[in-house]
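Okay, structure first, notes after.
Any read-out appearing in this document is the output of simple, stated calculations on the displayed coordinates, not a laboratory observation. What you see is a predicted model; the values in this text were computed from it and never measured. All Cβ positions, glycine included, derive from the backbone under ideal geometry; neighbour counts span all protein chains shown.
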Amino acid sequence: MAYLEPADYANYGLPAGTTADWITAATALINRYCRRLDLNIMQYVERLRVVSGARTVLLSYLPLAPLAPATSALVALEGRYTKPRRGEFPFEPLAEIAAAFALPGQWAAIDAGLADADPNTGELTLPWNVFGLPYNEVRVTYTAGLAVIGDDVKSACAQIVRNAQATPALNAKRTKIDTMWVDYFSSSLIDETVQALLNPYVANRLG
């Protein structure tokens, strides 16, 4: 989905005659820079390591936002234990109990309603386990993105188009703008102004 509609062009300094392929190419560059398929709300699944002694992990895609009709951005949460190294458990007999019941390596459902997630930072705090066993790894299914594309993203999209139209190699008369051709010039098209507008939406991890 393009981040600018024809009705937006005048408000963001683009000529009314700007063709849709410029906007499509700029949208593709924004998604690539932000390391995601789309800035609209989408569902993601991440498998994350939990640092020994910690109960928090950092989700990659921001901001966390529920996808209607859901009221929470957390869709599902699972955790598992691995066989700990000596000294990792605060109470060593727990490790023996976990091993006796074949817990290491098994995924267990966690009540997502008991977890706490900061929508702006992506920090997810896991609930305490009833047995007191720390999770080594979690698998999180969640939704993140923008319910409404804001002025910052629209301004970035328009700025990329202006930068492209001001670049001689791209300003030649073409029947269609090739996205890969535009991507070749991405380092100059995504200038410092565009980066400042988009940085809040760049994924924390590659992938």
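Between T141 and D118, the distance separating the two model label sites (each 7 Å from Cα on the Cα→Cβ line) works out to 2.7 nm.
Calculate, for N204 and A16, the FRET efficiency according to 1/(1 + (r/R0)^6) with r their C-beta to C-beta distance and R0 41 Å; round to the nearest 0.05. If you can, show how the numbers build up before the last one.
Working: r = 38 Å, r/R0 = 0.94.
So the FRET efficiency works out to roughly 0.60.
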